[in-house]
Each structure stands twice: as C-alpha cells, then as structure tokens.
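Accompanying notes for the structure given below.
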Amino acid sequence: MANETVSASITIKAPAEGIFAVLVDPANHAAIDGTGWVCDPVDRRPLTASGQIFRMAMYHANHPNGSYEMANRVQVFDPPHAISWEPGYDPGDGTLRFGGWIWRYDLAPLGPSATEVKLSYDWSAVPDLVRQTGPVFPPFSPDHLHNSLTHLAHLVVA
C-alpha cells in the first residue's frame with residue numbers, strides 16, 4: 001500500500017503554548033495556509049474541543065464554484081501537543097459530509113523556548129468513489145506543507 005500521508009516539520013523558537021494559541025484561532029488560518037485557498041473564517045470562535053465544527057471561506061480556481069465553504073470538524077484537541085481537523089461540506093441539505101482527509105499539527109517542546117512542529121495531511125480514509133471521481137491526492141505539491149509551517153513560524157514570532 002502506498003503511503004497516504006505527507007508531512008513536514010520545522011523548529012519554531014517559541015513555546016508550544018504560544019504556537020497552539022495561534023493554531024486554535026481560525027482567523028489565523030488564511031495567513032498560515034501555503035496554497036492560498038483558505039480565505040476567511042466563517043466561524044470566528046477559537047477551537048476548544050474535539051467535535052467542534054468551524055467553517056472557512058475558500059477559493060480554488062479549479063473548484064466548480066471558485067468560491068466555496070468548508071466545514072471542518074476538530075478530531076484531536078490536546079493542548080498544547082496536537083490538533084487535527086477533518087474538512088467537510090454541506091451539500092445543501094444541512095447534513096455535513098466529510099471526505100476522509102485530515103490536517104494535523106503535532107507540537108513537541110524542545111525546551112522552554114523552542115518547539116518542533118509537524119504538519120501532516122492524511123488521505124488514507126478517502127473512499128474509493130472519491131478517489132476515482134475526485135481530485136488526485138494530495139491535491140497540492142509537497143512544498144505546501146513547508147510553506148504553511150514557515151507562515152506559522154512568522155505569525156508566532158511576529
């Protein structure tokens with residue numbers, strides 16, 4: 001079986017708590033995103049627990065509508081060590097559907113003022129039908145992860 005996860009890591013000269021605080025604020029996600037697809041938070045409440053849904057306005061030139069909205073469900077919430085979410089959407093009937101891919105940040109303190117941050121994108125739970133008719137996974141180049149981590153580092157140390 002092929003590897004269905006890509007990841008990148010960076011050391012940020014900041015405590016894990018400060019980095020985690022940036023990640024749990026949806027208002028920061030557009031500035032962190034390395035693809036330029038994330039636009040603005042629709043829900044501005046900080047992320048506080050597994051199961052929480054937060055929506056983001058998105059744009060992708062190859063999306064049928066160009067502009068669209070993602071409904072993300074927080075899966076892992078372990079401050080200040082890990083946070084992950086599963087992107088999904090509302091097809092118009094009020095029921096959220098999730099595609100099976102996950103974004104995850106893992107933070108490992110390297111002392112009081114430095115943290116290793118690993119960003120992973122896992123598409124192992126994407127159903128066969130989506131794989132056959134949807135995008136190729138991952139739908140971005142691998143440097144996107146490193147770009148996102150570099151953006152995160154700039155936000156944290158600014």
Output for segment 72-99, where each listed residue is loosely packed, with under 14 Cβ neighbours inside 10 Å and polar (S, T, N, Q):
95
Here is a check on your reading of the model: is residue 92 small (Gly, Ala, Ser), out of contact with any helix residue (DSSP H, G or I) (no Cβ under 6 Å at 6 or more places or on another chain) and within 23 Å of residue 149 (Cα to Cα)?
no
List every residue pair whose Cβ atoms sit under 7 Å apart, with the two residues 6 or more apart in sequence or on different chains, where the first one lies in segment 60-72 and is closer than 19 Å to residue 94 by Cα and the second, anywhere, is in a strand (DSSP E or B) and among the basic types (Lys, Arg).
69/55; 70/55; 71/55
State which residue pairs qualify: first residue within 18 Å of residue 73 (Cα to Cα) and inside segment 11-29, second residue part of a helix (DSSP H, G or I) and among the hydrophobic types (A, V, I, L, M, F, W, C) in any location, beta carbons under 7 Å apart, and separation of 6 or more residues or different chains.
22/152; 22/155; 22/156; 28/22; 28/155
Here are some conditions: (1) free of Cβ contacts under 8 Å to residues at least 40 places away in the same chain; (2) surrounded by fewer than 18 Cβ atoms within 10 Å (Cβ to Cβ). Residue 47 meets all but one. Which one does it not meet?
(2)
Report yes if some residue within segment 12-21 is at pLDDT 85 or above, surrounded by 14 or more Cβ atoms within 10 Å (Cβ to Cβ) and acidic (Asp, Glu); otherwise report no.
no
Which one is surrounded by the fewest Cβ atoms within 10 Å (Cβ to Cβ), of the residues in segment 110-158 that are without any contact (Cβ under 8 Å) to a residue 60 or more places away in the chain and either among the aromatic types (Phe, Trp, Tyr) or closer than 23 Å to residue 25 by Cβ (or both)?
158
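Residue by residue through segment 82-102, note down the ones that are in contact with a Leu (Cβ under 6 Å, 6 or more places away or on another chain) and small (Gly, Ala, Ser).
Step one: filter segment 82-102 for residues in contact with a Leu (Cβ under 6 Å, 6 or more places away or on another chain), giving 83, 88, 90.
Selection gives 88 alone.
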From the options 31, 71, 49, 61, residue that is aliphatic (A, V, I, L, M) and in contact with a Lys or Arg (Cβ under 8 Å, 6 or more places away or on another chain):
71
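Does segment 39-58 contain at least one residue that is among the β-branched types (Val, Ile, Thr), under 23 Å from residue 153 (Cα atoms) and under 13 Å from the mean Cα position of the chain (by Cα)? I'd like the intermediate steps shown before the answer.
So the first thing to find is which residues in segment 39-58 are among the β-branched types (Val, Ile, Thr), and the list is 42, 48, 53.
Next, from what is left, pick out any that are under 23 Å from residue 153 (Cα atoms): 48.
Keeping just the survivors that are under 13 Å from the mean Cα position of the chain (by Cα) gives none.
No, there is no match, as no residue in segment 39-58 is among the β-branched types (Val, Ile, Thr), under 23 Å from residue 153 (Cα atoms) and under 13 Å from the mean Cα position of the chain (by Cα).
The values are calculated or read from the model by the stated rules, or taken from the named source; none is laboratory data. Quick caveat, the model's predicted, so the values are computed rather than measured. Neighbour counts are summed over all protein chains in view; Cβ atoms, including those assigned to glycine, are modelled from backbone coordinates with ideal geometry.
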